[in-house]
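Data first, discussion second: the structure below is written as structure tokens.
The values are calculated or read from the model by the stated rules, or taken from the named source; none is laboratory data. Bear in mind that the values here come from a model prediction, so they are computed numbers and not experimental data. Cβ sites come from the backbone with ideal geometry, for glycine too, and all protein chains shown count toward neighbours. Ligands, DNA and RNA are excluded from the accessible area calculation, which covers all protein heavy atoms including side chains. Shrake-Rupley method; radii C 1.70, N 1.55, O 1.52, S 1.80 Å.
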Amino acid sequence: MSETSLATVPGRLQSSQVCAHRGASGHYPENTQVAFDAAAALGAGWIETDVQQLADGELVIFHDETLGRTARGEGDIREMTWPEVAVLDVGSWKRSEFAGERPIRPNALMAWQAAAPDRPTIIWEIKCDDGYPTAAQRIAGALAAEIEAHPGHRCVVSSFNREALTAIRPLLPTTPMSLIVEALPTDAVSFCREQGLEGLHLDGHQLDANSAQRILSAGLALRCYTINSETEAMRLLEMGVEVIMTDFPRSEEHTSELQSRPH
Ligand code: G3P
Ligand code: CA
């Protein structure tokens, strides 16, 4: 099974089952506007993306803690300010034609979603180190303020970091929220119930039928990352997984043809 089999076997997944992981990051530079545009054009019903907080309090969509892989330079992005981050080239590492893609902030993606009724629902992943409750509260407050400033914003807030989820849960009482884990820890379902979370996001490669049943019978939504094989996607859907996060999104509803871009 090829890495791009979700992209090359149309007609099997509904839009509501497909989540573009970091945008359509298989062929486009992750977490950039061009990757989000491609995800929407390919019929993804969902987008997953990573949010971090900078030294000046601004939020930015960026996966790694450090520069070096997707942007030239070195050092911890969280020690930089937005004016410093805004000029980074986060496109050319992927392909030279994407040179000039810049990091964007969550407010830009929220405005993008609001601009058309069929834009994907966004899964925000709060990136925050464990063991720093003040930092968790700070990023939780900033993201909650952005979401509140965009009434009608369709999203799920998620994190591996339980402190961040505990901090943001009361700030957005009606927003769906999920705990992210790799394999299912014994206390994950009870944590979700106690905190009023609606879902669990797991590494799909580590999910077995027993764990899926425990999650579903607790009434929790079950979504899995990062699945680039159609066979694996089908195995998960049969176990009751609701959404497949993939680097190669494409749903049976996709109708737009991307122009001068690979897909
Ligand atoms: O949201 C789940 C998934 O994205 C977590 O892994 O490393 O791709 O952010 P990562
Ligand atoms: Ca992520």
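Miscellaneous remarks
- R72 paired with T174, simple spin-label distance in nm, labels 7 Å along Cα-to-beta-carbon: 4.7
- The relative contact order of the chain comes to 26 percent, based on Cα pairs under 8 Å that sit 6 or more residues apart.
- Of the DSSP H helices in the chain, those whose Cα atoms cover at least 18 Å axially and whose Kyte score averages 0.0 or more: 133-148
- Couplings 3J(HN,Hα) of segment 60-76, computed from phi: 9, 8, 6, 7, 6, 6, 10, 6, x, 8, 9, 8, 5, x, 8, x, 7 Hz, in residue order, whole Hz [Karplus 6.51 cos²θ - 1.76 cosθ + 1.60, θ = phi - 60°; x for Gly and Pro].
- The residue list W82, A41, L222 was ranked by how far each Cα lies along the charge dipole of the chain toward its positive end, using unit charges on Cβ atoms, and A41 comes out on top.
- Heavy atoms of H205: accessible area, 1.4 Å probe, square angstrom to 10: 110
- Between E65 and H150, the contour length at 0.36 nm per residue exceeds the Cα-Cα span by 27.9 nm.
- Just so you know, the Rg over Rh for the chain is 0.95, from Cα atoms, with Rh as the Kirkwood radius.
- About its Cα centre, the dipole of segment 26-110 is roughly 260 debye, where the only charges are +1 on Lys and Arg Cβ and -1 on Asp and Glu Cβ.
- Here the dipole of the chain is about 380 debye; that uses its Cα centre as origin and unit charges on the Cβ of Lys and Arg (positive) and Asp and Glu (negative).
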